[in-house]
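Here, each number is a calculation from the coordinates, and none is a lab measurement. Please read these numbers as outputs of a predicted model, since none were measured by experiment. Quick reminder, even Gly has a Cβ in these numbers, built from the backbone with ideal geometry, and neighbours come from all protein chains shown.
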Amino acid sequence: MAGERLVIVDRDGVINEDSIDYIKSVAEWRPIPGSLEAIALLSNAGWSVAVVTNQSGVARGLFDEATLAAIHRHMNDRVYAAGGALAGIYYCPHLPDAGCECRKPRPGMLRALERELGISVRGAPFVGDRLSDIDAAEAVGAKPILVRTGTGAATEAMLGGRVPVFDDLQAVAKSLLTEG
Ligand SMILES: [Mg+2]
Ligand SMILES: [Zn+2]
C-alpha cells in the first residue's frame with residue numbers, strides 16, 4: 001500500500017535477549033530493556049511493525065510449533081501491554097541446510113509478509129543483529145539496520161561500517177521517528 005510505513009524487526013537479539021541454547025519457552029523469552037517501548041513508539045507513530053525470525057529450534061526438536069505460538073502470543077501480549085502492536089510475526093522452523101525458501105537470508109518470509117500485509121518491503125528498514133538479517137534485507141531491497149544487542153556487536157566488528165548501526169531497537173525507533 002503506497003505511503004504505508006513498514007519496519008521489519010528480527011526477534012532474538014533485537015526484541016528479546018538471545019541465547020545459544022535457543023528460546024524454548026515463554027519463561028525463557030525476556031525482552032531487551034526498551035524494546036517493547038520502542039515498538040509502541042513506532043506503532044503509535046503509524047508504523048506497521050512486522051517480526052521476521054529464524055526458529056530452527058523447531059526442526060531441531062527443542063520446542064514444537066505450539067510452544068512457539070505460545071511464545072509469540074506472549075510477545076504480542078507484552079507489546080500490547082506496552083502500548084504497541086505487531087502487524088505480523090513470520091518464522092522459519094527449518095534447519096539451516098533444509099534448503100527452504102523462508103530461512104533468512106532467503107526472502108520467503110518477506111514475500112509472505114508482502115502478500116499478507118499488502119505492503120512492499122522495498123525501502124523498508126529491517127532491524128537485525130546478524131549478517132543473515134542484513135543479507136535478507138539487501139536481497140529484497142529493504143534498508144538494513146544493525147543493532148548492537150544480541151550478536152550485533154560481533155556482527156558490527158565483521159561488517160565494518162557497511163550498514164547503519166544503533167545501540168538498540170529504542171535508538172532505531174527514535175531515529176526513524178525523527179526522520180519523519
Ligand atoms: Mg537475531
Ligand atoms: Zn524455512
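Near LYS174, which lysines are there with a Cα under 19 Å away, not counting those fewer than 8 places off in the same chain? The qualifying lysines are LYS143. Helical content of the chain, expressed as a calculated mean residue ellipticity at 222 nm, amounts to -11000 deg cm²/dmol (DSSP H runs of 4 or more residues, -39,500 (n - 2.57) each, divided by residue number, nearest 500). Distance between the pseudo-spin-label points of ALA27 and ARG122 (7 Å out from Cα toward the beta carbon): 4.8 nm. Amide H contacts for CYS92 (H built 1.01 Å from N in the peptide plane; partners 5 or more residues away or on another chain; cut-off under 5 Å): THR53, ASN54, GLN55. Sparsely packed loop sites in the range 60-133 (the GluC sites (Glu not before Pro) outside DSSP H, G, I, E and B with at most 14 other Cβ atoms within 10 Å) comprise GLU101.
Loop-located trypsin sites (Lys or Arg not before Pro) across the range 29-122 with a Cβ neighbour count of 15 or fewer within 10 Å are ARG60, ARG122, with loop assigned by DSSP. Applying 1/(1 + (r/R0)^6) with R0 = 30 Å to the Cβ-Cβ distance of SER175 and ARG115 gives a FRET efficiency near 0.55. Look at the alpha carbon pairs under 8 Å that are at least 6 residues apart: their mean separation over the length of the chain gives a relative contact order of 25 percent.
Taking other residues whose beta carbon is less than 14 angstrom from the beta carbon of LEU42, and scoring Lys, Arg as +1 and Asp, Glu as -1, yields -2.
The 3J(HN,Hα) values that the Karplus relation (6.51, -1.76, 1.60; θ = phi - 60°) gives for the range 103-120 are, in residue order, 5, 4, x, 6, x, x, 5, 5, 5, 4, 4, 4, 5, 6, 9, x, 10, 6 Hz. Gly and Pro appear as x. Of all lysines in the structure, those lying under 23 Å Cα to Cα from LYS24, and not within fewer than 8 positions of it along the same chain, are LYS104.
Global dimensions of the chain from alpha-carbon coordinates: Rg and Dmax equal 14.9, 43 Å. Principal axis analysis of the Cα atoms in the range 40-141 yields extents of 39, 32, 25 Å, listed in decreasing size.
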